[in-house]
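The values are calculated or read from the model by the stated rules, or taken from the named source; none is laboratory data. Because the structure is predicted, anything quoted here is derived from the model rather than measured. Every residue, glycine among them, receives a Cβ derived from its backbone with ideal geometry; neighbour counts consider all protein chains shown. For the accessible areas, the whole protein counts, side chains as well, though only heavy atoms, and no ligand, DNA or RNA atoms are used. Shrake-Rupley method; radii C 1.70, N 1.55, O 1.52, S 1.80 Å.
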Amino acid sequence: MVSLNTRVSELRMIGPAYSARLKKLEVNTVEDLLYHIPFRYENYQIISKISSLQEGETVTVFGRVSKFENIYTKSAKKIQKVLISDETGSIPAVFFNQTYLARILLADTRLTVAGIVKRYSKDLAFFSPQYEIVKPVTSLLHTARIVPIYPETEGLTSKWLRSRISALLFKLKIRIVEFL
């Protein structure tokens, strides 16, 4: 049985490597993890169709991967360009040095992309956006809502922390006593 005093190293979803990284953030128990307070939030609640996007807005788009391209520049930079499409149009999402995305963002994968819409040559694009593969049973954690951004350390991202904290709150049914 998991309680607030359970050490994070004992949780199935956290192995020894992540446990050591969490220790750098002074997170040793389930309670420490649940009270690892975000230092800011990103508002990705506005959901828009691609044809309605405007430069400078922070928005979430639901779509499908219609094309994935790894681009290698002359200066040895690695750029991943993903074309996201919905029924109204397409928009590129540009990532840098994330070649592993070729194994994740396969053609026709349903996903959400969230971030600031910026100018890319003459067109609009997302640069290093948050993304989340849409699965029928799960709710969205990283897009289409107000998203917490946590203090991080090397090898621990806010995305990883959100997924573990969410699992503790919803799957393990831990009750937290409100003290405010």
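Simple spin-label estimate for ARG64 and VAL177 gives 5.2 nm between the two label positions (7 Å along the Cα-to-Cβ direction from each Cα).
Between ILE116 and LEU140, the simple spin-label model (points 7 angstrom out along Cα→Cβ) gives 2.0 nm.
In the context of the full protein assembly, LEU168 retains an accessible surface of approximately 0 Å², using a probe radius of 1.4 Å and ignoring ligands and nucleic acids. Estimated at 0.36 nm per residue, the fully extended path between ALA107 and ASP32 surpasses their Cα-Cα distance by 23.0 nm.
Over all other residues within a Cβ to Cβ distance under 12 Å of ARG145, the charged ones net out to -1, with Lys and Arg as +1 and Asp and Glu as -1. Using just its DSSP H runs of length 4 or more, each adding -39500 (n - 2.57), the chain gives a mean residue ellipticity at 222 nm of -3500 deg cm²/dmol after division by all residues.
Less than 13 Å from a label point 7 Å out along the Cα-to-Cβ axis of LYS81: which backbone N atoms in segment 106-144 qualify, by residue? Label zone hits: 120-126. Counting charges near ILE84 (Lys, Arg +1; Asp, Glu -1) among other residues having Cβ under 11 Å from its Cβ returns a value of +3. What is the calculated FRET efficiency for ALA17 to SER166, with r their C-beta to C-beta distance and R₀ = 30 Å, to the nearest 0.05? That pair, ALA17 with SER166, gives E of 0.90. Measuring nothing but protein heavy atoms, the accessible surface of the chain at 1.4 Å probe radius is 53 percent carbon and sulfur.
Electrostatic tally near VAL61: other residues with Cβ closer than 9 Å to its Cβ, Lys and Arg +1, Asp and Glu -1, net 0. Computed over protein heavy atoms with a 1.4 Å probe, the accessible surface of the chain works out to 62 Å² per residue. Across the chain, the longest run free of exposed loop sites, meaning trypsin sites (Lys or Arg not before Pro) lying outside DSSP classes H, G, I, E and B with no more than 15 other Cβ atoms within 10 Å, spans 123-172.
Per-residue surface analysis assigns TYR35 an accessible area of about 90 Å², computed on protein heavy atoms at 1.4 Å probe radius.
Solvent-accessible surface of protein heavy atoms, probed at 1.4 angstrom with all chains present, puts THR112, THR73, THR29 in the order THR73, THR29, THR112, largest first. Note on SER48 and GLU152: with the Förster distance fixed at 30 Å, the Cβ-Cβ geometry gives a FRET efficiency of about 0.60. Note on ARG40 and SER90: their simple-model spin labels are 3.3 nm apart, each label 7 Å out from Cα toward Cβ. The Kirkwood hydrodynamic radius of the chain, based on inverse pair distances between different Cα atoms, is 18.1 Å.
Straight-distance candidates among the lysines for linking to LYS74, with alpha-carbon spacing under 27 Å and chain neighbours fewer than 8 residues away dropped: LYS118, LYS122.
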